[in-house]
Amino acid sequence: MSGKGDSNRRDTALNDAELHRCLASTWSTPAGLWSALSTVDHKIIGRRYITTAFVFLALGGVLSLLMRLQLSQPEARFIGPDRYNQIFTMHGTNMMFLFAVPVMQAVAVYLVPLMVGTRNIAFPRLNAFSYWMYLAGGLLLWIAFAIDTGPDVGWFAYVPLAGPQYAAGKRADIWAQMITFTEVSALAVAVEIVVTVFKQRAPGMSLDRIPLFVWSMLVTAFLVILAMPAIMIASTALILDRLVGTHFFNPAEGGDVLLWQHLFWFFGHPEVYIIFLPAVGMVSTIVATFVRRPVFGYLGMVMALIATGILAFGLWVHHMFVAGLPRLGESFFTASSMAIAVPAGLQIFCWLATMWAGRPIFKTPFLFVIGFMVIFVIGGMTGVMVASVPFDTQVHDTYFVVAHFHYVLVGGAVFPLLGAIYYWFPKITGRMMSETLGRWAFGLIFTGFNLTFFPMHILGLRGMPRRIYTYQPEMPWSGLNMFISLSAVILAAGFLLFFVDVIRSARSGPRAEANPWGATTLEWATSSPPPPYNFAHLPVVSSLQPLADTPDLLPVASGLRVDRRELLITSVVQASPEARESSPGDSIWPFWAAVATAVTLIWSIFTPWAVVWGSIPVAIALTGWFWPKGVPEDDA
């Protein structure tokens, strides 16, 4: 693949200084607002995703503190019942749809192209569109809450309570339409991850050399693609019942209220693993780095990821054990719910075996991994308990379930995520976070979390139901509720310290080396933070740990154009080079397409005609997006 003069230069014909200059000119995003709205650099979009998701985490945390304030004493009057319903709905909706799923995908948007050794994510303009849709959905939800129109039907929006008969006004409509925003965004990112992993891996990165984090995100992407259409169908059917007069969930007209639960939980339980599986990849990466050896049982870990993804679709009915379903069906889902503990247990034992045979270095990221293992094992054990129909019948809709899913979701996702932020922070910002503040943050979060949520098991066994805004003084709950509310302050202090550390370190933290942890995966083969083009020469991979084998001289491939954005396409199995492919440049049209789509969806809450008239600006934006730009194809 030789060049044809200055107008068709390739990286083989340039010295290093000129190569970096040409690539920077080709791939950089210029300064200015217009360029910021137009960029398709996966690193910039990934940073926006991560920052926005953590803003939503902070807002959701404030809501949880307000709930704990209200429940700290019997017959408290800090918050009225209507506002409390909005707060607990907003808390769950915000944490699940605006934080947990998006932040995991956000980390993947930033890291997966770097870890597979390519210069940008697949479909970069779709990536930009996905972020703007996600931001618009979050703004819709929080602006509605600010003007006292926030949804009040729970993050699960069960019908008929969320239907037109019992939920007047626009609150439930806003919830249903917000789902459309976030799921369109998530589906777009999932498609990008699948194509990036399958077709843009560095030469030599065969399937058995893919990093475990990339494997975890690939399985997660397939879960998103297969599970999220169910909730989009459900929310669309709900809004049609409410706004158009259909009867999908109206038994009087042939509908079925249980149809909502089946559709919702067919998405809702895989969603738990959409959140958890990326955390598995984060933990595997951190363990391998700080134990100084590869994760024990690589093939077993990959098979466990895939098995978890498959089994995740056979669990949803355990949320419906008290709905009056046939006993034979319940026994099947009990078995499935218990069986999924097997691949999770395999992963735990692989990590323990890795640490047992290694030399652990107890830095802050590794401390969060240790905390994850302790908390997730507790959550997993209570998960096996509620998988049993007789036990679940007793504790269903009590605080025992609240404790269980917080142990699983916070322990299984947030602890690894915080460890991942400390681990990859120097890669993203070029600066190190404080080890001292990190240890204090971990201590406060770990202590505060267990003191807050473990007593909720006892509350549940004492019969305290979920989703109540107050309770009578004679009930045996007031002492534990006060203890939990005070413990939540410790947890909040830990997260506040974490945010202070992030902001302080981003501004003035110590400069980081290119590979400060001595890691072995490809994202550390480039500078920290990476240049706009990620890699001047695409790396060539010959093992699972490319930087451990050749830390000073990584083999590279050349031959790509430097005067135009170009990617190397490789085969699915062996990652053998197959073709060069142009990568779309910056464009303002994904932003305008997101604006037009957002206006149409929000407008449709008030009139069905919005779908007709709103399709016009959407069509214009898409035409501008896909209009041929006349870029000549390479004829070399």
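The values are calculated or read from the model by the stated rules, or taken from the named source; none is laboratory data. Quantities reported herein were computed from a predicted structural model and do not represent experimental measurements. Cβ coordinates were reconstructed from backbone atoms using ideal geometry, including for glycine residues, and neighbour counts include every protein chain displayed.
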Count - residues of the stretch 232-260 that are under 30 Å from Val280 (Cβ atoms) and buried (at least 22 other Cβ atoms within 10 Å of the Cβ): 2
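Test of understanding: among Gly169, Gly163, which residue is on the phi > 0 side of the Ramachandran plot and outside any helix (DSSP H, G or I)?
It is Gly169.
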Filter result (in a loop (DSSP other than H, G, I, E, B) and either surrounded by 16 or more Cβ atoms within 10 Å (Cβ to Cβ) or touching a helix residue (DSSP H, G or I) at 6+ places or on another chain (Cβ under 6 Å) (or both)) within the stretch 446-465: Met464
How many of the residues making up the stretch 535-582 are more than 23 Å from Asn515 (Cβ to Cβ) and either part of a loop (DSSP other than H, G, I, E, B) or of a type outside the set (A, V, I, L, M, F, W, C) (or both)? 19
Note: among Ser35, Ser2, Ser28, just one is under 23 Å from Trp424 (Cα atoms), surrounded by fewer than 17 Cβ atoms within 10 Å (Cβ to Cβ) and at pLDDT below 95, namely Ser28
For the stretch 191-241, which positions are farther than 30 Å from Tyr158 by Cβ and small (Gly, Ala, Ser)? Ala202, Gly204, Ser206, Ser216
Which of the residues that make up the stretch 578-612 are touching a Leu at 6+ places or on another chain (Cβ under 7 Å) and over 24 Å from Asp41 (Cβ atoms)? Ile602, Pro608
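Looking only at the stretch 253-279, which residues are small (Gly, Ala, Ser) and either under 16 Å from Gly154 (Cα atoms) or touching a helix residue (DSSP H, G or I) at 6+ places or on another chain (Cβ under 6 Å) (or both)?
Initially, the stretch 253-279 is screened for residues small (Gly, Ala, Ser), giving 254-255, 268, 279.
The answer is Gly268, Ala279.
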Run Gly379 past the list (1) over 22 Å from the mean Cα position of the chain (by Cα); (2) more than 21 Å from Leu258 (Cα to Cα) and report the number of the one that doesn't hold. (1)
I'm trying to understand the selection: among the residues of the stretch 502-515, which are among the aliphatic types (A, V, I, L, M), modelled with pLDDT of 95 or more and either closer than 30 Å to Phe454 by Cα or over 24 Å from the mean Cα position of the chain (by Cα) (or both)? Val502
Say whether the condition of being touching a helix residue (DSSP H, G or I) at 6+ places or on another chain (Cβ under 9 Å), touching a residue at least 40 places away in the same chain (Cβ under 8 Å), over 22 Å from Gly379 (Cβ atoms) and charged (D, E, K, R) is met by at least one residue in the stretch 192-200. yes
Kindly list the number of the only condition in (1) modelled with pLDDT of 95 or more; (2) within 21 Å of Leu538 (Cα to Cα); (3) touching a helix residue (DSSP H, G or I) at 6+ places or on another chain (Cβ under 6 Å) that fails for Ile44. (3)
Scanning the stretch 389-422 for residues that are small (Gly, Ala, Ser) and in contact with a Ser or Thr (Cβ under 9 Å, 6 or more places away or on another chain), which turns out nearest to Phe333 (Cα to Cα)? Ala403
Test result for Ala288, within 30 Å of Pro546 (Cα to Cα) and surrounded by 18 or more Cβ atoms within 10 Å (Cβ to Cβ): yes
Condition first: more than 18 Å from Trp625 (Cα to Cα), in contact (Cβ under 8 Å) with a residue 40 or more places away in the chain, surrounded by fewer than 21 Cβ atoms within 10 Å (Cβ to Cβ) and among the small types (Gly, Ala, Ser). Now tell me which residues in the stretch 572-603 satisfy that. Ser576
Quick test of your reading of the structure: Thr364 fulfils all but one of (1) closer than 17 Å to Arg293 by Cβ; (2) surrounded by 22 or more Cβ atoms within 10 Å (Cβ to Cβ); (3) in contact with an Asp or Glu (Cβ under 9 Å, 6 or more places away or on another chain). Name the failing condition by number. (1)
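Table: residues versus (1) hydrophobic (A, V, I, L, M, F, W, C); (2) at pLDDT 95 or above; (3) not in a helix (DSSP H, G or I).
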position	(1), (2), (3)
Arg467	no, no, yes
Pro476	no, no, yes
Ile484	yes, yes, no
Val489	yes, yes, no
Gly494	no, yes, no
Leu497	yes, yes, no
Val500	yes, yes, no
Which numbered condition trips up Phe267, out of (1) surrounded by fewer than 24 Cβ atoms within 10 Å (Cβ to Cβ); (2) modelled with pLDDT under 95? (1)
Consider Ser331 carefully, then state whether it is in contact (Cβ under 8 Å) with a residue 40 or more places away in the chain and buried (at least 21 other Cβ atoms within 10 Å of the Cβ). no
Hey, does the stretch 372-388 have a residue that's within 30 Å of Leu328 (Cβ to Cβ), touching a residue at least 60 places away in the same chain (Cβ under 8 Å) and not in a helix (DSSP H, G or I)? yes
Return yes or no: is Ala58 surrounded by fewer than 18 Cβ atoms within 10 Å (Cβ to Cβ), closer than 21 Å to Leu496 by Cα, of a type in the set (A, V, I, L, M, F, W, C) and at pLDDT 95 or above? yes
Could you tell me which numbered condition Phe391 fails, if it satisfies all but one of (1) without any contact (Cβ under 8 Å) to a residue 12 or more places away in the chain; (2) within 25 Å of Arg48 (Cα to Cα)? (2)
Among (1) exposed (fewer than 15 other Cβ atoms within 10 Å of the Cβ); (2) touching a residue at least 40 places away in the same chain (Cβ under 8 Å); (3) at negative phi, where does Pro476 come up short? (2)
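Could you tell me which residue of the stretch 90-148 is surrounded by the fewest Cβ atoms within 10 Å (Cβ to Cβ), considering only residues that are on the phi > 0 side of the Ramachandran plot and not hydrophobic (A, V, I, L, M, F, W, C)?
Step by step, filter the stretch 90-148, then rank; the result is Asp148.
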Failed item, numbered, when Ala341 is tested on (1) among the hydrophobic types (A, V, I, L, M, F, W, C); (2) within 30 Å of Val257 (Cβ to Cβ); (3) surrounded by fewer than 18 Cβ atoms within 10 Å (Cβ to Cβ); (4) within 24 Å of the chain's Cα centre (by Cα): (2)
Using the structure shown, decide if Thr393 is among the polar types (S, T, N, Q), closer than 24 Å to Tyr298 by Cα and assigned to a helix (DSSP H, G or I). no
Given (1) surrounded by fewer than 20 Cβ atoms within 10 Å (Cβ to Cβ); (2) charged (D, E, K, R); (3) touching a residue at least 12 places away in the same chain (Cβ under 8 Å), index of the condition Arg507 fails: (3)
